[in-house]
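Bear in mind these aren't lab numbers, they're just calculated from the coordinates by the rules spelled out. None of the values given here were measured: they were computed from a predicted structure. Quick reminder, even Gly has a Cβ in these numbers, built from the backbone with ideal geometry, and neighbours come from all protein chains shown.
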């Protein structure tokens, strides 16, 4: 039971559609070299003739790679609700991000970060979302900005 619980907990880090796509391709081939199939495409293309007679091998690295590809390729409007749910679960969601200029900022920020992540938790809370108001909370932001514009390396600046 503990193994099942830890496995289910780990699976929440993945986009459901990426996980479905990965599992489908463990023991089935749609023919050709297609790897990224939306759920509707999987249902449309599935045939018993494509089912493999050999055992599929579950590889977490391959699953993470699939997830990374989905994070990058999924239309932003389909990704935002999943990131929002992740932030709400972590109690980091701000209602101002739900509409208007806050939603536009949230969308652009997620779009900016998504090429750099492999799993949903790699987006916030794993990373900090900065807004103009966040800079007000940083002590002496001007001093930090002045340091970063000097000719010193990062390591030299913060010794």
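Couple of notes before you dig in:
- As computed over the range 52-100, the Cα convex hull volume per residue (Å³): 115 Å³
- The residues 117, 110, 57, 51, when put in order of fewest to most other Cβ atoms within 10 Å, stand as 57, 51, 117, 110.
- Rounded to two decimals, the Cα radius of gyration of the range 1-74 over 2.2 N^0.38 Å is 1.16.
- Using the Cβ-Cβ distance between residue 19 and residue 101 with R0 = 30 Å, the FRET efficiency computed as 1/(1 + (r/R0)^6) comes to roughly 0.35.
- Relative contact order of the range 25-91, pairs being alpha-carbon contacts under 8 Å that are 6 or more residues apart, as %: 33 percent
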